[in-house]
Structures are given as C-alpha cells and as structure tokens.
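The values are calculated or read from the model by the stated rules, or taken from the named source; none is laboratory data. Keep in mind it's a predicted model, so treat the numbers as computed, not measured. Cβ sites come from the backbone with ideal geometry, for glycine too, and all protein chains shown count toward neighbours. Ligands, DNA and RNA are excluded from the accessible area calculation, which covers all protein heavy atoms including side chains. Shrake-Rupley method; radii C 1.70, N 1.55, O 1.52, S 1.80 Å.
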Amino acid sequence: MSTLLKTPLTVGEKIDRPGFMIAGDSGYFNQWAKTLFLSIQSHAPWAHVHFHLFDPAAEDLDWANKRDCT
C-alpha cells in the first residue's frame with residue numbers, strides 16, 4: 001500500500017465493464033470532460049466512465065451524479 005494512502009479504498013460495487021477514467025479540476029471538467037463524456041456515451045454506450053475531480057464544485061458533482069458514471 002502506498003504511504004500516501006492512509007486507509008484502503010473500498011468499492012461498494014465492482015465495475016465489470018471496460019471504460020474510461022477522466023481526471024482533472026473543475027475548469028477542465030467543465031471545458032472538456034463533459035463533452036468527452038457525452039461523446040463516449042454516444043459512440044461507446046457500453047463503456048463505464050469514471051471521473052476523478054480535483055476540488056469539484058457542488059454543481060460538478062451534481063452533474064456527474066445524474067449520469068451513468070462514477
């Protein structure tokens with residue numbers, strides 16, 4: 001285990017399909033990642049999308065939570 005990680009991560013449900021992980025801050029999320037997410041949904045509807053947001057605004061989390069992503 002990494003020395004930076006104080007407690008092990010737990011995942012409630014295993015994601016058992018291929019997908020994408022998109023990381024960035026709120027600015028990147030709003031300028032690029034939302035459009036990328038919608039494109040992935042359109043062209044690869046089988047894929048799971050996971051966002052890793054740094055310092056997200058409440059609106060960013062709300063947007064992501066309303067869609068089929070984590």
Those residues that are at pLDDT 85 or above, among the polar types (S, T, N, Q) and open to solvent by 90 Å² or more (accessible area, probe 1.4 Å), I need them from region 1-33; list them, please.
-> GLN31
Would you please list the contacts, defined by Cβ atoms under 8 Å and residues six or more apart or on different chains, that run from a residue in region 3-29 that is of a type in the set (Lys, Arg) and part of a loop (DSSP other than H, G, I, E, B) to a residue that is loosely packed, with under 10 Cβ neighbours inside 10 Å and at pLDDT 90 or above?
-> ARG17/TRP46
Pairs, please: C-beta under 9 Å, at least 6 apart or cross-chain, first residue touching a residue at least 12 places away in the same chain (Cβ under 8 Å) and surrounded by 11 or more Cβ atoms within 10 Å (Cβ to Cβ) and in region 41-62, second β-branched (Val, Ile, Thr) and assigned to a helix (DSSP H, G or I)?
-> ALA47/ILE40; VAL49/ILE40
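Every residue in region 30-70 that is in a loop (DSSP other than H, G, I, E, B) and among the polar types (S, T, N, Q), please. First the steps, then the outcome.
Within region 30-70, the subset in a loop (DSSP other than H, G, I, E, B) is 44-47, 55-57, 66-68, 70.
Hit for region 30-70 is THR70, nothing else.
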